[in-house]
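Structure record follows, encoded as structure tokens.
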Amino acid sequence: MSGQPTRPAFRVALAGTLGVGLAFSLAACGSSDDTKSGGSGASAQAIDCSPYTKYGDLKGKSVSVFASIVTPEDQAYKDSYKPFENCTGVTIKYEGDKSFETQVLVRAQAGNPPDIAIVPQPGLLKQLVATGKAVPASPEVGANVDKFWSKDWREYGTVDGKFYAAPSGASIKSLVWYSPTFFKDNGYQVPKTLDELKTLTDKMVADKKIPKPWCAGISSGEATGWPVTDWMEDFVLRLSGPETYDKWVKHQIPFNGPESTAALDAVGQYLKNPAYVNGGLGDVKSIATTTFQDAGLPILEGQCALHRQASFYAANFAKGTKVAEDGEVFAFYLPGKDTASKPLLGGGEFNLAFADRPEVKAFQQYLSTDTWANVKASVSQGWVSANKGLDISKLGSPIDKLAATLLQDPAAVFRFDGSDQMPAAIGSNAFWKQATNWITGQDTQTTVNNIEKAWPK
Amino acid sequence: MFAAVMGVILFVAGRVGGRRNDRVVAYAYLAPALLMLAVGLVYPGIRTIYQSFFDASLQSFIGLDNYKTIFTDPDQLVVLRNTVLWVVVTPFVATAIGMLYAILVDKARMESFAKALIFLPMAISFVGASIIWRFVYTYRPDQPGVQQIGLLNQIIVWFGGEPQQWLVESPLNTFLLIVVMIWIQSGFAMTVLSAAIKAIPDDIVEAARLDGVGPWGMFRFVTLPSIRPAVVVVLTTIGIGTLKVFDIVRTMTGGQFDTSVIANEFYSQSFRSDNQGLGAALAVLLFILVIPIVVYNVRHLRASESR
């Protein structure tokens, strides 16, 4: 399994989260922001160093961190390392690079890896471990992961039976954006099951309050098509269950089997239904040429009511838009088949170590604690973790709170973005391309057959 | 660095004296260039050819399978078809437009201004030009509350038509991408051909005119034969540039909607799909396709020089 160097889907997610942070810090230029930016300095003195004593005295040591997160979002990361630095005396050297995905591989292969890399996908993690330069995580990190994360997360940080990296940040993809005001004015209810979602959509068509119920767009430069892969993953997860989903991702069942076909047909009931799409943006084919960034905006203009996209989409609404449960726009959980099941599709990042010096081990361990998750949450906007020790009240925005609540829901079954885990030939080529062809008219069977055919042997 | 290398070369060259060592001196001066060619061109070239016989991860030898894929896989056949379209249409149309324009504005008033107009697109990068044209082709539905932002669709709406999704319909979209290349390259063709036209001796033109040759005859029997070498250079240069076209496709459609060409597919396979073998094979194919054009160009140059 090899993730490819540039992961647009991820970059997009990153840009999104980055944007959220920016948008919110701009929007919240009032008191809360001030206390936050000023607070990190002030709290430096007020830090309770007791959770850090176990790491010992690491004065004069330094740890280099390499990540894809760049200015301004990286500030929150740097701030979140402060308590650790102040209490242990270690210096954290943070370096962000937009072309992280390619650079980190090059650096690892060339024998010049960072001490810690913040890796955004399991596929890339596997590639990095394959270079032979990565160091398995300490038992303490493993214990933290067992304690604070659900079981499936440990799997993503494990390569060939060895546990390498604990997750840190996470994002939620199983969301539908909508306008709470519009719902309230027309008496629409947030659906609790897939059937209800369908009924709601049909009701909207009948009511004619808006041109079309759904908005969609899958254009994203060379990554055009990825939003369809998210839709499909969500539906495989819902219609066939997590076990089948895992088999599907690992290609233990063929891509053109009944599960895929059913899921894609189910997606097609929405995306390829001319009565449902594409409010303010054209016909079904316009989905292929509408950028995913623009796709959900007609909700605000009353051209459509629903848009399935990840939590990071909040960043795409104009500054000043109230993104909240009682605001102009918000998101609800894309429901499961029934109210009992709660499948959750998302992404995340992992802290991989390339050195086993004590200070690196200590820092990697710190990053896997609830202490760090809470420090990070209190200094950043648009950031969530699946760490169960995360205090949701510390999160900055309603959408972050929603995402964290969903992640911590004991009933939730989390699954990592499937196309991110498939071989690059599928996950970042055939799947995208065929999904785009599917939107522009290709039938479901041909689409899944073509993807199956492209699977590396 | 450069000075040090040159110093060493000069020193070595200086040590060997005498007439029969002229050859050695010549090679000493050539050596760095040859070395750089070997490291930067020959070695990667051979390595690419070698890799094209291997599978996606370059682990096992699969013979000509990658080439078989290029010529049998439906997706790859579309790529080949598009490349053929590009190479057949672009050089001829761009050259024809350039030539027509050069003849029309020749000795006209405001000639330099008129030339600057058509030459300007040359100054815009391929990516920039692609973004401009993407706006020209942009689609918005024709419905209340929605405004057209694409020039082409706005014109169609003005004339009462339905806006079209220009970049989605294959193979029309490939032609619309070719328009961008023609838009860029016509200026180049015009400049070179205009210079060639101006170089035609006045007495030939005078003599032809005295013989009562009409405008068409003048073009057919005087202008065209006189600028033939320039036309060949322009055609082949644009032809090679077109074979390598990548930026336009990548920026405007990303190779989606059946618009991919060899150079773009090579990139996709190598860097996105992680299929190194197929990527290498596509690169080799591109190389092979360029060879005849280059050979023709060199031969033609030689022929015209020896005349």
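The values are calculated or read from the model by the stated rules, or taken from the named source; none is laboratory data. Everything quoted here is computed from the prediction, not taken from an experiment. Positions of Cβ are backbone-derived with ideal geometry, glycine not excepted, and every protein chain shown enters the neighbour counts. Ligands, DNA and RNA are excluded from the accessible area calculation, which covers all protein heavy atoms including side chains. Shrake-Rupley method; radii C 1.70, N 1.55, O 1.52, S 1.80 Å.
Observations on the model:
- Within segment A:414-450, considering residues that are part of a loop (DSSP other than H, G, I, E, B) and at the interface with another protein chain (Cβ under 8 Å from one of its Cβ atoms), the one farthest from A:Leu237 (Cα to Cα): A:Thr440
- Any hit, segment B:215-234, residues being over 27 Å from A:Asp294 (Cα atoms), over 16 Å from the mean Cα position of the chain (by Cα), among the β-branched types (Val, Ile, Thr) and open to solvent by 50 Å² or more (accessible area, probe 1.4 Å): no
- Residue in segment A:148-161 that is farthest from A:Tyr55 (Cα to Cα), counting only those that are more than 19 Å from the chain's Cα centre (by Cα) and in contact (Cβ under 8 Å) with a residue 24 or more places away in the chain: A:Asp160
- Within segment B:31-59, residues that are closer than 15 Å to B:Leu286 by Cα have Cβ atoms under 8 Å from residues that are among the hydroxyl-bearing types (Ser, Thr, Tyr) in these pairs: B:Ser52/B:Tyr67, counting only partners at least 6 apart in sequence or on another chain.
Matching residues to (1) within 18 Å of A:Tyr333 (Cα to Cα); (2) out of contact with any Asp or Glu (no Cβ under 6 Å at 6 or more places or on another chain); (3) hydrophobic (A, V, I, L, M, F, W, C); (4) within 14 Å of another protein chain (Cβ to nearest Cβ):
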site: A:Val176; (1), (2), (3), (4): yes, yes, yes, no
site: A:Lys212; (1), (2), (3), (4): no, yes, no, yes
site: A:Ala216; (1), (2), (3), (4): yes, yes, yes, yes
site: A:Val228; (1), (2), (3), (4): yes, yes, yes, yes
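- Within segment A:52-99, being assigned to a loop (DSSP other than H, G, I, E, B) and either aromatic (Phe, Trp, Tyr) or under 17 Å from A:Ile116 (Cα atoms) (or both) holds for A:Leu58, A:Lys61, A:Ser68, A:Ile69, A:Val70, A:Val90, A:Asp97, A:Lys98, A:Ser99.
- Among the candidates B:Thr90, B:Thr69, residue that is assigned to a helix (DSSP H, G or I) and within 14 Å of chain A (Cβ to nearest Cβ): B:Thr69
- The criterion of being assigned to a loop (DSSP other than H, G, I, E, B), more than 16 Å from A:Val448 (Cα to Cα), more than 14 Å from every other protein chain (Cβ to nearest Cβ) and open to solvent by less than 40 Å² (accessible area, probe 1.4 Å) holds for A:Pro191.
- Residues of segment A:287-302 that are under 22 Å from A:Lys209 (Cα atoms) and touching a helix residue (DSSP H, G or I) at 6+ places or on another chain (Cβ under 9 Å): A:Ile287, A:Asp294, A:Ala295, A:Gly296, A:Leu297, A:Ile299, A:Gly302.
- Here B:Gln59 passes the criteria (1) in contact with a strand residue (DSSP E or B) (Cβ under 8 Å, 6 or more places away or on another chain); (2) modelled with pLDDT under 90 except the one numbered (1).
- Residue in segment A:224-231 that is assigned to a helix (DSSP H, G or I), within 20 Å of A:Lys173 (Cα to Cα) and small (Gly, Ala, Ser) present: no
- Here B:Glu169, B:Glu206 are screened, and the one residue that is part of a helix (DSSP H, G or I) and of a type in the set (Asp, Glu) is B:Glu206.
- Single residue of A:Asp400, A:Asp338 found to be surrounded by fewer than 24 Cβ atoms within 10 Å (Cβ to Cβ) and not basic (Lys, Arg): A:Asp338
- Scan segment A:83-100 for residues that are open to solvent by 30 Å² or more (accessible area, probe 1.4 Å) and more than 14 Å from A:Ile47 (Cα to Cα) and the total you get is 8.
To keep it simple, each residue is scored yes or no on (1) in contact with a strand residue (DSSP E or B) (Cβ under 8 Å, 6 or more places away or on another chain); (2) assigned to a loop (DSSP other than H, G, I, E, B); (3) surrounded by 12 or more Cβ atoms within 10 Å (Cβ to Cβ); (4) within 14 Å of chain A (Cβ to nearest Cβ).
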site: B:Gly14; (1), (2), (3), (4): no, no, no, no
site: B:Ala31; (1), (2), (3), (4): no, no, yes, no
site: B:Val39; (1), (2), (3), (4): no, no, no, no
site: B:Val78; (1), (2), (3), (4): no, no, yes, yes
site: B:Leu100; (1), (2), (3), (4): no, no, yes, no
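- Residue check, B:Arg140 open to solvent by 40 Å² or more (accessible area, probe 1.4 Å), within 30 Å of the chain's Cα centre (by Cα) and of a type in the set (Lys, Arg): no
- Meets criteria (modelled with pLDDT of 95 or more and either open to solvent by 40 Å² or more (accessible area, probe 1.4 Å) or out of contact with any Phe, Trp or Tyr (no Cβ under 6 Å at 6 or more places or on another chain) (or both)) for B:Val87: no
- In segment A:347-373, the residues that are in contact with a Lys or Arg (Cβ under 6 Å, 6 or more places away or on another chain) and of a type in the set (D, E, K, R): A:Glu359
- Matching entry among B:Ala189, B:Ala208 (being more than 14 Å from chain A (Cβ to nearest Cβ), open to solvent by less than 20 Å² (accessible area, probe 1.4 Å) and more than 28 Å from B:Val295 (Cα to Cα)): B:Ala208
- Selection of segment A:266-315 for residues being assigned to a helix (DSSP H, G or I), away from chain B (no Cβ under 12 Å), buried (at least 23 other Cβ atoms within 10 Å of the Cβ) and not hydrophobic (A, V, I, L, M, F, W, C) yields A:Ser311, A:Tyr313.
- Residue within segment B:281-292 that is within 14 Å of another protein chain (Cβ to nearest Cβ) and more than 12 Å from the chain's Cα centre (by Cα) present: yes
- Residue in segment A:386-413 that is farthest from the other protein chains (Cβ to nearest Cβ), counting only those that are in contact with a Lys or Arg (Cβ under 7 Å, 6 or more places away or on another chain) and part of a helix (DSSP H, G or I): A:Ile392
- Looking across segment B:258-274, the residues that are within 7 Å of chain A (Cβ to nearest Cβ) and either among the β-branched types (Val, Ile, Thr) or assigned to a loop (DSSP other than H, G, I, E, B) (or both) come down to B:Ser273, B:Asp274.
- When restricted to residues that are open to solvent by 20 Å² or more (accessible area, probe 1.4 Å) and outside any helix (DSSP H, G or I), segment B:235-249 contains 2.
- Tally of residues being within 22 Å of the chain's Cα centre (by Cα) and not in a helix (DSSP H, G or I) across segment A:110-139: 6
- The set of residues in segment A:140-179 that are among the polar types (S, T, N, Q), open to solvent by 20 Å² or more (accessible area, probe 1.4 Å) and in a loop (DSSP other than H, G, I, E, B) contains only A:Ser150.
- Residue count for segment A:194-216 under the criterion of being touching a Pro at 6+ places or on another chain (Cβ under 8 Å) and in a loop (DSSP other than H, G, I, E, B): the result is 2.
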